[in-house]
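**Student:** Provided herewith is a single structure, encoded as structure tokens, for subsequent inquiry.
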Amino acid sequence: MNKIYSATLLTLLGLCPLLNAVTITFDDASTDLTSNFDYSANPTQYTWQAAGGVDNTGSVSTSTLFNTTAAYTPGTLNFSTIGDSGSISIDFLWTDTLGTGNNYGVMQLGLVKTLGAVLDTRAILMRSGSEVNQVYFRYLTNSGFTNDSDLINLVDSTWYRMEVTFTMTAADTIKAEMTLLNIGSDGTATPVLISSYTAERASDIIGEDVYTGFITQRAYAGSVTTIDNYSTSAIPEPGEGAVFMGALALIVFGGLRKIRARR
């Protein structure tokens, strides 16, 4: 492939950042927490640790404070056209040695327009009032919250992955697709889906550049004591992905024809 094809390919790749996810593994104390997040309140809510994470790598320990948001700052998502979509994922260690209360959001993933504010639109994993190790999903926006999902039974001292995909489905509506996966005692097991929940609500983030972030609550609620592998990404619409792949195919095909012509 000659220089012009290479240059065109690099240009296309540069114009398609939506195909790339950003993942923070919390393996570097100097950047993974202090530089990549903005704290909404008390910066001691989250403490970087050299170990204790997935496969005992770097991690973040959570404190017992309520409602402190760490918002991801290097990039934003925007929901302006029906079909626009973005995803957030986080790994967390569930332990049941702290807290006996209920009906608090022990893990929340979502979107916020202003750094330092509580998330405006968020998928919440709530602590159940029925049993110590039971949780359920709820979806909260500025217009209220949804009915609760079915109860989910968790296992003490086990790693889980919470994922949520937000998609604009109408001029004023964002859908949240939430999943919870079991990833084992050290966080390296093949993920096993244990629950999913989908809901739609009106949201005031539409048309705004919004940050992605998370909230943990441990006091009176149990039991997310450690987090790892925070990821956020925009998901290209099918049309955008098809255009990109088509252009890439043309470049590769053209390059192959030129190579054959030289033989």
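**Student:** In what sequence, highest mean first, do 84-94, 179-189, 146-156 appear when ranked by Cβ atoms within 10 angstrom?
**Tutor:** Result, highest mean Cβ count within 10 Å first: 84-94, 179-189, 146-156.
**Student:** Something else about it: Suppose each label sits 7 Å from its Cα in the direction of the beta carbon; what would the Ala117-Ser80 distance come out to in nanometres?
**Tutor:** Distance between the two pseudo-spin positions: 1.9 nm.
**Student:** What is the sum of charges around Thr169, taking Lys and Arg as +1, Asp and Glu as -1, for the other residues whose C-beta is under 9 Å from the C-beta of Thr169?
**Tutor:** Values: positive: Lys175; negative: Glu200.
Local net charge: 0.
**Student:** So how much slack lies between Glu200 and Ser185, counting 0.36 nm per residue of separation and subtracting their Cα-Cα distance, in nm?
**Tutor:** Length gained, Glu200 through Ser185: 2.1 nm.
**Student:** Figure the gain on full extension for Thr169 and Thr73 (residue separation times 0.36 nm, minus the Cα-Cα span) and round it to one decimal in nm.
**Tutor:** On the way: separation 96, 0.36 × 96 = 34.56 nm, distance 2.54 nm.
Roughly 32.0 nm would be gained on extension.
Throughout, read-outs are computed from the coordinates displayed, never taken from laboratory work. Every value quoted in this text rests on a predicted model; they were computed, and no experiment measured them. When we count neighbours, we look across all protein chains shown, and the Cβ atoms used for this are built from the backbone with ideal geometry, even at glycine.
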